[in-house]
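The values are calculated or read from the model by the stated rules, or taken from the named source; none is laboratory data. Everything quoted here is computed from the prediction, not taken from an experiment. When we count neighbours, we look across all protein chains shown, and the Cβ atoms used for this are built from the backbone with ideal geometry, even at glycine. When the accessible area is computed, the model is the full protein with side chains, heavy atoms only, and any ligands, DNA or RNA have been set aside. Shrake-Rupley method; radii C 1.70, N 1.55, O 1.52, S 1.80 Å.
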Amino acid sequence: MSDAFCSWQNETLLLRIYVQPRASRDEIVGTHGDSLKIRITAPPIEGKANDHLCKFLAKVFGVSRSQITLTAGKQGRHKQFRIERPTHIPTFIPPPS
C-alpha cells in the first residue's frame, strides 16, 4: 500500500481519506488515488458519516475522539484529518521520522 495518503508533522499524522458511506461494515479498504479508502456504515446525512468516521479513526489509531480533527472535506467524500499523537500505528502507515 502506498503512503502517498499520509504525512507527519512532528507527532501529528495527516491523512487524506476517501470515504464510502452506507457500507455493510466499517473497514479500511486500501488506496484510492492519493487517498486512503475507508468504508463506513453511517449515512451521509447531517454529519453522521463524519462523526462515525472520526470514532472509527479514534479506534483504529488508539486515540480519543478529541485528538482527531477534520480539516477539509466536511461535505465531500474526499477528506483530510489530523490525528494527534496516535498510540497505535497500523502497519501500512510509515512511522514518524
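Quick one: compute the contact order of the chain, relative version, from alpha carbon pairs under 8 angstrom and 6+ residues apart, as a percent. Averaging sequence separation for qualifying contacts and normalising by length gives 30 percent for the chain.
Could you tell me the accessible area of LYS74 in Å² (1.4 Å probe, neighbours in place), rounded to the nearest ten? Its heavy atoms expose roughly 150 Å² to the probe. Working note: Karplus 6.51/-1.76/1.60 with θ = phi - 60° gives region 18-28 the couplings 10, 9, 10, x, 6, 7, 6, 7, 7, 6, 8 Hz, where Gly and Pro are set to x. Relative to the longest principal Cα axis of the chain, at what angle does helix 48-61 sit, 0 to 90 degrees, rounded to 10? For 48-61 against the chain, the angle is about 30 degrees. Based on the alpha-carbon gyration tensor of region 1-54 and its eigenvalue square roots a ≥ b ≥ c, which shape applies: rounded if a/c is under 1.5, prolate if not and a/b is larger than b/c, or oblate? Oblate shape, in that a/c is at least 1.5 and b/c is the bigger or equal ratio.
Going from most exposed to least, what order do VAL60, VAL29 have by accessible area with a 1.4 Å probe?
Order by accessible area, largest first: VAL29, VAL60.
Please give the length that would be gained between SER97 and SER66 if that part of the chain were fully extended, namely 0.36 nm times their separation in residues minus their C-alpha to C-alpha distance (nm, one decimal).
Net length gain for the segment: 8.7 nm.
Counting only DSSP H runs of at least 4 residues, each contributing -39500 (n - 2.57), and dividing by the residue count of the chain, the helix-based mean residue ellipticity at 222 nm comes to -4500 deg cm²/dmol. Only protein heavy atoms count here; under a 1.4 Å probe, HIS78 has an accessible surface of about 110 Å². Taking the 1.4 Å solvent-accessible surface of region 1-68 as the whole, the part contributed by carbon and sulfur is 44%.
Rg and Dmax of the chain, based on Cα coordinates, read 12.3, 38 Å.
Give the accessible surface of region 10-97 per residue, rounded to a whole number of Å², with probe radius 1.4 Å and ligands, DNA and RNA excluded.
Counting only protein heavy atoms, the per-residue value for region 10-97 is 58 Å².
Between the listed residues ILE17, ILE45, ILE93, the Cα displaced farthest toward the positive end of the dipole of the chain, a dipole computed from Cβ unit charges relative to the Cα centre, is found at ILE45. Phi-derived couplings, Karplus 6.51 cos²θ - 1.76 cosθ + 1.60 at θ = phi - 60°, listed residue by residue for region 67-77: 8, 10, 10, 7, 9, 7, x, 4, 10, x, 7 Hz, with x used for Gly and Pro. Potential lengthening of the chain between THR87 and SER7 amounts to 27.2 nm, from the contour at 0.36 nm per residue minus the alpha-carbon distance.
Sorting SER64, SER35, SER97 by accessible area puts them as SER97, SER64, SER35; the probe is 1.4 Å, largest comes first, and only protein heavy atoms count.
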